[in-house]
Amino acid sequence: TQVVLKKGEKRPRSEHVASRTTAQAPALVDAAPVKKKTTSSTVPSVSSAASASASVGVGTRSPVDAARALLDRLTAAQASGDMAALLRALEKVEKLVVSMEMLKEVPLGKAISKIAKKIADPECKTLAGNIKAKWTSTLAS
């Protein structure tokens with residue numbers, strides 16, 4: 001049965017879902033998405049660590065989440081033996097702004113040290129050693 005509605009009248013949700021057939025479903029999907037309007041006054045300011053994580057290519061994640069994601073990339077590349085992927089991940093780690101709290105929470109420093117000591121690829125080994133030295137000097141001061 002077809003329900004006839006007056007102009008501006010809406011049918012209850014239960015009737016709407018129950019009256020849909022598989023032939024009508026694609027028509028409902030084709031509706032254009034609604035875009036939200038944002039103004040510059042509603043956009044929160046970005047801290048330097050968050051902007052650094054954004055420059056690393058990890059979106060708007062927190063710096064700790066960015067470090068965890070990079071740690072996952074490093075371990076996956078190392079386990080697969082893909083030195084090109086490991087080098088790309090190390091380059092992203094090099095751009096990451098670290099703090100002592102972050103390194104205590106995420107064992108990224110241990111992974112970098114392990115790469116610097118045990119990886120045979122000289123390019124990855126050198127970059128990991130440079131990251132380790134940079135973090136040591138930065139966090140010591």
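Under 19 Å of direct C-alpha separation, and excluding same-chain neighbours fewer than eight residues apart, K132 reaches these aspartates and glutamates: D72, E91, E94, E101, E105, D121, E123. Rg and Dmax, both from the Cα atoms of segment 63-140 and both in Å, are 11.4, 34. The charge dipole of segment 66-127, taken about its Cα centre with unit charges on the Cβ of Lys, Arg, Asp and Glu (plus for the first two, minus for the last two), comes to roughly 160 debye. In this simple spin-label approximation, T136 and A76 carry label points 7 Å from Cα along the Cα→Cβ vector, and these lie 3.1 nm apart.
Projecting the Cα atoms of S137, Q78, L103 onto the charge dipole of segment 63-140 (Cβ charges, centred on the Cα centre) puts S137 farthest toward the positive pole.
Model label sites at M100 and E123, defined 7 Å from Cα along the beta-carbon direction, differ in position by 3.6 nm.
What number comes out for accessible area per residue over segment 63-140 if the probe is 1.4 Å? Units Å², please. Could you put the intermediate results ahead of the total?
On the way: 4310 Å² over 78 residues.
Accessible surface, normalised per residue, equals 55 Å².
The values are calculated or read from the model by the stated rules, or taken from the named source; none is laboratory data. Please read all numbers here as calculations on a predicted model, not as lab measurements. A quick note on method: Cβ atoms are made from the backbone with ideal geometry, for glycine too, and the neighbour counts reach across all protein chains shown. For the accessible areas, the whole protein counts, side chains as well, though only heavy atoms, and no ligand, DNA or RNA atoms are used. Shrake-Rupley method; radii C 1.70, N 1.55, O 1.52, S 1.80 Å.
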